[in-house]
Amino acid sequence: MTAPPVGRVVATELKPSTPHQFHFWTARESAIGIGAIVRVQEAGRTVYGVVTDGFAYSDLVTPMHAVLGADGDPVAAGQEPTARAEIRLFTAAVLRQMPEEPLQPVPLGPVWLADDADVLLALRMDSYTGGERSSGVPVGLYAAGGLESPVYLDCDFLLGPEAAHLNITGVSGLATKTSAVEFLLTSIFQTFPPHKGSVAALCFNVKGPDLCFLDRPASLSPEDCRIYARLGLRPEPFPDVHYYAPLRPDGVNLNTLRTNEALAANTEPLIWGLREVLDYAEVVLNRDDIDAKADAFIDFLAERVVGREYQDDMLRGRAFQVQSFADLEEFFRAIFDFMEVLGKGGEVWKTHHLATIRKVRNRLSNISTRSKGLVTDDGAANDLPWGSFADRSVHVVDVAGLDPLAQDLVFARIVSKLREHLERRDLGVDHVVVFVDELNKYAPGDGPETYVRKMLLDLSERGRYLGLVLFSAQQFRSQVQRRVVGNAGTGVYGRMDADELATPGYATLSPATKIKLATLPKGELMVRHPHFTQPIFVKFPRPPVLGGREGIERYPPSGDVSFTEAVARRLRSLDRRISPDSVYAAIDGRREEDVRRALSATRRERPVDPFTYFVACLGKRVAAEVVVPRRGIPAVRRGDDGYGA
Amino acid sequence: MRLAHLADPHLGVRQYHRQTPSGINQREADVARAFRLAVDGVIAARPDAVVVAGDLFHSVRPTNAAILFAFKQFQRLRESLPSAPIVLVAGNHDTPRSAETGSILRLFEELGVDVAVDEARRLEYPALDLSVLAVPHHALVAAERPELRPDGAARHRVMVLHGEIEGVLPTQRHTVEYGGALVGLRELGIEVWTYVALGHYHVQHKVAPNAWYSGSLEYVGTNLWGELADEAEQGIRGKGWLLADLQRATVTRKPVPASRPIIDLDPVHGEGLGPEVLNKMIQERLRALPGGVADHIVRLRVYDVPRHVARELDHASIRAYKAEALHLNLDVRRPEVRRTVGVGAPGRRQTLPELVRTYLANRPLPAELDRESFVRVGGELMDAVERDLAGA
């Protein structure tokens, strides 16, 4: 309390103080700005407020008096013998009153700039920080007038169960969305209290190299390091990161920008088979396709045909064993052949119309063709470690190179699987943060109802009870399904587009706050949180992990390598002792399809000696022997052959 | 380029107790006869190559007579087709369990037969533009399987393999040959071969247009009635070998006439019938056979005959028929027993397969096992045992 007051509350008939707003004047040199937190203390009442608007004016009645006083000469205006009196008036929104009852207008009293303790009280952070069971997660530094104070989010309201989800809005390219999420995840992983359980993150990398280097340290400036220290965090990359990316159509090269050999150890292919796709077949059907008939036939396939023995003597004598897309195609072929034989009138097979069967077949074969690297035909899948997610682990699924339909499939399946496992409490962790960028695209406010949008909506509405938390980001919040963003307990805003700020969703912000948002520098954010009654501006440091652009420069993608080299790399990622030459020798002359199958089996099995296992899967080579015809075989002696002839 | 495809001769197999005048088991002689006829047919067809896809002998240590016979037949084949490659692979029946036992099949190498016993062999015949990958049973059950892919530039690429191809045989088949190595369809890679000659399954069966089981040359399995039922279901009559034209991609069946009729008579339903009526019905069925039962292999099932009625049947007459036939299986079955279960609660007593299924459906299982398939496999095995017992 040694610092002098910076201003004093004023209230006039035209600008009265209310329980939620007050005005105060300051000296011209005051450090007060938009977003500053102030304290008013008078007669046993303390009021905390955040500055939302500012005014400056003088004793002039009209602007004409100023023009006439300077004879219309702007140069002369600056040479007046006495400086004209100028008043600085600020409007502040009340953050907290102490005592809270009775709720009264803000008293006329001195105004101080808030210090650390004030910020803690003003933002009600005293209820969840400090003590043995603290649940505060640093989100950044509040800074004003040379003072800096850490701002914490309440993890009960960030990761559930009280409220959950976080939504970030901001224009692209200003280190807002991705950087903020990376920093926030770092903060959560380092400070999430053990008594709240375990937490993991699953991020979808939807474009470029944004999230491709979460395990690599960034070179931070001393200022960034100072902010980390002030927030009580360590500027370290994530220690346990796993990358999953589909393969390219060649079946060995990964469809990601994270192909540098130095990064291969924790980058795995994401491969799904027919069963994995069929469970979420609804995703691959468009709006017109979704009808009870297609649903019924897909259910029939899933329950009676795929993954089991299906016998139908009308179709063929032996049972179908449908494990892969190729097997499924064979099954469809048999149905069509059978229907053709029936000829006219043969349009219904087991109550399913031929047109429905053809439609489902086309959609399913479409996904296997368009997403060749994701969907395998040999039935062997390589999936996320369901059931064994580790505490503080990050799983990044790189879908940037995938067809949009396949991206939808990946989203739908992974989020649904997370939900299933969290419902059963057998995922391995108690909370999972799912980060989805470009929410405009996946959960748009208008346009057709899609499976992915329904799924994101469900996640945002029910996820917090399960520990499934959605961290979402988009450029234009106004264009996202209102219920998806509305369910986000915490909102983060980076620099915004003026047009976006003009939409009704931002009507509660003052014009000054909007101006500040439209000109927000890099590394600053506005945060809304259930404990904060007003949005708060904070500074956050650069994330401790390598950014996409930097990462690409330091670890340039190796590009698509030849089939043999790609196989060698994949095997070496399982065991560094395997020499590329031994792999080349082992696969020389083999069919690519066989090599792919052996590689897939090795990856799935993870044997102690991957190379020996791989070679065994390929099968022992059988050397050719040129047979020289033998001559001089003695002629048969006619007579009894022992059996009577 | 024509290729003769034979499989599963099972020389030396012995069934029933009838002997030939020279003291040889009659069925052993039948099987030898079938092989001799097949060799005759092959010689007459004059193919460019001959393959025998396993189980030449019924056992690892065949009788001297069987060895001598086989040697003479191969010698005949070699003499008649001096330039045709003859490829022989070992099947599960003629593969010794330990290497020290050695294989009798090597004897035929002396006749210029190319034999694969332990390891797969890739045999190149440049004059015929032919490459044959010969895969014996042992190579498929070894820790490291051979690569089942063609190599080289030969125009005709043939694989000879003894084993069971997973998922291609009818699931409801009545006969199962045990002990064969399982090979996946994808591992086999049928599409890359000109022709795949398979052995092990005794009923002729098309796996793909270019992949066939030629079937055995005689009814040598443990359940010949099952084989007959499978043949009937698949519309096949009798045994034989295959002649594949590799250029025209055609496969022709070459039947081998059966040594004797094998007849499964329509069953008699004896519910409520006395011994006299049943005797009459049995005799009518047996007499109705053209030429009688003499030297035939016959089965007659008689259902729903209580024990006391069965005891009263005319066993002297039945014995006479049995003496006349090579084998007469009069399969008299008692009615299904219904018993009271619990206290006064009527209920049917479970049959053994039902009991096994119920037990498997309720016993504790490791979580990773799918109970449904576990019970199904158990049930299938039980059914197979039942069928074998019925056919024995």
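The values are calculated or read from the model by the stated rules, or taken from the named source; none is laboratory data. Just so we're clear, the structure is a prediction, and the values are computed from it rather than from any experiment. Cβ atoms come from the backbone with ideal geometry, glycine included; neighbour counts cover every protein chain shown. Keep in mind that these areas ignore ligands, DNA and RNA; they rest on the heavy atoms of the full protein, side chains included. Shrake-Rupley method; radii C 1.70, N 1.55, O 1.52, S 1.80 Å.
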Boolean, B:Arg287 is free of Cβ contacts under 8 Å to residues at least 12 places away in the same chain and open to solvent by 40 Å² or more (accessible area, probe 1.4 Å): yes
Tabulated pairs, the stretch B:234-258, first of a type in the set (Phe, Trp, Tyr), second open to solvent by less than 60 Å² (accessible area, probe 1.4 Å) and in a loop (DSSP other than H, G, I, E, B), C-beta under 6 angstrom, 6+ apart or interchain: B:Trp241/B:Ser214
Some residue of the stretch A:375-392 being assigned to a strand (DSSP E or B) and either touching a residue at least 40 places away in the same chain (Cβ under 8 Å) or aromatic (Phe, Trp, Tyr) (or both): yes
Tabulated pairs, the stretch B:136-159, first within 7 Å of chain A (Cβ to nearest Cβ) and at positive phi, second open to solvent by less than 10 Å² (accessible area, probe 1.4 Å) and at pLDDT 90 or above, C-beta under 9 angstrom, 6+ apart or interchain: B:Gly152/B:Arg122; B:Gly152/B:Ser131
Which numbered condition A:Leu405 fails, given (1) under 30 Å from A:His431 (Cα atoms); (2) surrounded by 17 or more Cβ atoms within 10 Å (Cβ to Cβ): (2)
Checking B:Arg2 against (1) in contact (Cβ under 8 Å) with a residue 24 or more places away in the chain; (2) crowded, with 20+ Cβ neighbours inside 10 Å, the condition it does not meet: (2)
Output for the stretch A:605-622, where each listed residue is more than 12 Å from every other protein chain (Cβ to nearest Cβ) and part of a helix (DSSP H, G or I): A:Glu605, A:Pro610, A:Phe611
Any hit, the stretch A:547-566, residues being buried (at least 20 other Cβ atoms within 10 Å of the Cβ) and among the β-branched types (Val, Ile, Thr): no
Those residues of the stretch B:121-172 which are assigned to a helix (DSSP H, G or I) and among the aliphatic types (A, V, I, L, M), in sequence order: B:Ala127, B:Leu128, B:Ala139, B:Leu140, B:Val141
A:Thr369 vs. criteria in a helix (DSSP H, G or I) and touching a residue at least 60 places away in the same chain (Cβ under 8 Å): no
Odd one out for A:Glu132 among (1) in contact (Cβ under 8 Å) with a residue 60 or more places away in the chain; (2) on the phi < 0 side of the Ramachandran plot: (1)
A:Leu520 vs. criteria among the aliphatic types (A, V, I, L, M), within 15 Å of A:Gly170 (Cα to Cα) and buried (at least 19 other Cβ atoms within 10 Å of the Cβ): yes
Search result, residues across the stretch A:233-266 that are surrounded by fewer than 23 Cβ atoms within 10 Å (Cβ to Cβ) and part of a strand (DSSP E or B): A:Val241, A:His242
Members of the stretch A:304-331 found to be within 10 Å of another protein chain (Cβ to nearest Cβ), among the charged types (D, E, K, R) and open to solvent by less than 40 Å² (accessible area, probe 1.4 Å), listed by number: A:Asp327
Any hit, the stretch B:104-120, residues being more than 7 Å from chain A (Cβ to nearest Cβ), open to solvent by 40 Å² or more (accessible area, probe 1.4 Å), assigned to a loop (DSSP other than H, G, I, E, B) and of a type in the set (A, V, I, L, M): no
Scope the stretch B:5-21; condition under 26 Å from B:Met159 (Cβ atoms) and either assigned to a loop (DSSP other than H, G, I, E, B) or more than 14 Å from every other protein chain (Cβ to nearest Cβ) (or both); matching residues: B:His5, B:Leu6, B:Ala7, B:Asp8, B:Pro9, B:His10
Residue within the stretch B:124-134 that is closer than 30 Å to A:Gln323 by Cα, at pLDDT 90 or above and surrounded by 20 or more Cβ atoms within 10 Å (Cβ to Cβ) present: yes
The stretch A:100-111, subset surrounded by fewer than 19 Cβ atoms within 10 Å (Cβ to Cβ) and either among the hydrophobic types (A, V, I, L, M, F, W, C) or modelled with pLDDT under 90 (or both), residue nearest to A:Trp25 (Cα to Cα): A:Leu108
Members of the stretch B:250-262 that are open to solvent by 30 Å² or more (accessible area, probe 1.4 Å) and farther than 17 Å from B:Gln26 by Cα: B:Thr250, B:Val251, B:Thr252, B:Arg253, B:Lys254, B:Pro255
Helices (runs of 4 or more DSSP H) contained in the stretch A:100-216 and holding at least 1 residues farther than 24 Å from A:Ala229 by Cα and more than 17 Å from the chain's Cα centre (by Cα): A:155-158
Number of the exception - B:Asp266 against (1) among the charged types (D, E, K, R); (2) in contact (Cβ under 8 Å) with a residue 24 or more places away in the chain; (3) in the same structural domain as B:His327 (by TED's automatic domain parsing): (2)
In the stretch B:22-60, the residues that are in a loop (DSSP other than H, G, I, E, B) and either over 10 Å from B:Gly12 (Cα atoms) or within 13 Å of chain A (Cβ to nearest Cβ) (or both): B:Ser22, B:Gly23, B:Ile24, B:Arg46, B:Pro47, B:Asp48, B:Ala53, B:Gly54, B:Asp55, B:Val60
Meets criteria (in contact (Cβ under 8 Å) with a residue 60 or more places away in the chain and basic (Lys, Arg)) for A:Lys516: yes
Residue in the stretch B:61-91 that is nearest to the other protein chains (Cβ to nearest Cβ), counting only those that are within 23 Å of B:His202 (Cα to Cα) and touching an Asp or Glu at 6+ places or on another chain (Cβ under 6 Å): B:Phe69
Qualifying residue in the stretch A:347-369 (condition: in the same structural domain as A:Leu159 (by TED's automatic domain parsing), over 17 Å from the mean Cα position of the chain (by Cα), acidic (Asp, Glu) and farther than 26 Å from A:Ala601 by Cα): no
Residue within the stretch B:60-70 that is open to solvent by less than 30 Å² (accessible area, probe 1.4 Å), closer than 22 Å to B:Asp118 by Cα and of a type in the set (Phe, Trp, Tyr) present: no
Residues that are in a loop (DSSP other than H, G, I, E, B), within 13 Å of chain A (Cβ to nearest Cβ) and surrounded by fewer than 18 Cβ atoms within 10 Å (Cβ to Cβ), drawn from the stretch B:173-226: B:Gly184
Spans of strands (runs of 3 or more DSSP E) in the stretch A:1-56 with at least 1 residues among the small types (Gly, Ala, Ser) and modelled with pLDDT of 90 or more: A:7-10
